[in-house]
Amino acid sequence: MTRIYVAVGSVMGTAKAVAKAVEAQLTKQGFDCVLPDQASVAEWQSQTFDGLLVITSTTGRGEIPNNLLPFYVELGDVMPLMPNVIAGVIALGDSSYDDTFCGAGALMEERLRELQAQLPVPRVTIDATETITPDADALYWLAEWQATLR
Ligand SMILES: Cc1cc2nc3c(=O)[nH]c(=O)nc-3n(C[C@H](O)[C@H](O)[C@H](O)COP(=O)(O)O)c2cc1C
């Protein structure tokens with residue numbers, strides 16, 4: 001069974017709700033999903049995963065939420081190369097934060113690229129000023145991403 005690790009960064013719960021919708025959709029399609037409250041490199045390395053999805057909002061001024069930041073930092077410290085992993089990033093933000101719009105998603109995607117993960121579908125940005133259905137927007141992107149895992 002294709003196994004996917006879902007790492008979430010969320011402050012007020014929107015990205016977490018999106019992650020739950022993504023998990024439900026992937027499970028329905030027969031994927032095996034792991035969605036921890038706080039992602040960790042130890043957990044990531046303790047099992048074999050085919051896919052890594054990062055779903056994160058941006059906080060502060062282009063910063064990664066506190067519940068995802070340790071994973072980002074650990075990935076940089078441990079550098080677990082993942083050339084066989086299909087990765088993807090769903091980035092939530094607000095375009096009124098001009099120059100830091102969806103900055104956390106950009107940082108995470110850059111880190112995944114450094115780790116040689118495959119990124120077959122560029123990250124999607126979901127703008128809180130433009131949509132009131134972030135989960136539906138994420139599922140639209142997910143359909144394209146998950147097709148690359150088969
Ligand atoms: C204090 C604060 C700072 C934020 N900073 C940014 C930012 O720098 N860039 C951005 O794109 N969005 C920013 N946002 C918008 C959030 O990323 C966006 O509302 C997101 O949907 C929140 O998701 P969450 O509930 O999962 O945290 C900020 C929101 C707050 C409350």
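Where a number appears in this text, it was derived from the coordinates with a stated rule and is not lab data. Source: prediction; values computed, not measured. When we count neighbours, we look across all protein chains shown, and the Cβ atoms used for this are built from the backbone with ideal geometry, even at glycine.
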Over 20 Å, how big is the tail of the calculated P(r) for the chain, in percent of all Cα pairs?
-> 41
Any idea which of THR48, ALA136, ALA147 is furthest toward the positive side of the dipole for segment 3-147, if Lys and Arg beta-carbons carry +1 and Asp and Glu beta-carbons -1?
-> THR48
Local electrostatic count at VAL18 - Lys and Arg +1, Asp and Glu -1, tallied over other residues with Cβ under 12 Å | -1
List, in order, the whole-Hz ³J(HN,Hα) value for each residue of segment 5-17 obtained from phi through the Karplus relation with A = 6.51, B = -1.76, C = 1.60 and θ = phi - 60°; use x for Gly and Pro.
-> 9, 10, 9, 10, x, 8, 9, 9, x, 5, 5, 5, 5
Based on DSSP H runs of at least 4 residues, each adding -39500 (n - 2.57), what is the mean residue ellipticity at 222 nm of the chain after dividing by all its residues, to the nearest 500 deg cm²/dmol?
-> -11500 deg cm²/dmol
For segment 139-150, in order, what is each residue's ³J(HN,Hα) by Karplus, 6.51 cos²θ - 1.76 cosθ + 1.60 with θ = phi - 60°, in whole Hz (x at glycine and Pro)?
-> 5, 4, 5, 4, 4, 5, 5, 5, 5, 7, 8, 7
Note down the net charge around VAL54, summing +1 for each Lys or Arg and -1 for each Asp or Glu among other residues with Cβ under 10 Å from its Cβ.
-> +1
Which ³J(HN,Hα) values, rounded to whole Hz and listed in residue order, are derived for segment 90-101 from phi using the Karplus coefficients 6.51, -1.76 and 1.60 in 6.51 cos²θ - 1.76 cosθ + 1.60 with θ = phi - 60°, glycine and proline given as x?
-> 10, 10, 9, x, 9, 6, 6, 8, 2, 7, 10, 4
Once you have a ≥ b ≥ c as the square roots of the Cα gyration tensor eigenvalues for segment 1-51, tell me rounded if a/c is under 1.5, and otherwise prolate or oblate according to whether a/b is larger than b/c.
-> oblate
Which one of GLN118, GLY76, THR14 has its Cα pushed farthest toward the positive end of the charge dipole of segment 7-141, where Lys and Arg give +1 and Asp and Glu give -1 at the Cβ?
-> GLN118
Can you give the Kirkwood hydrodynamic radius of segment 69-135 from its Cα pairs, in Å with one decimal?
-> 12.9
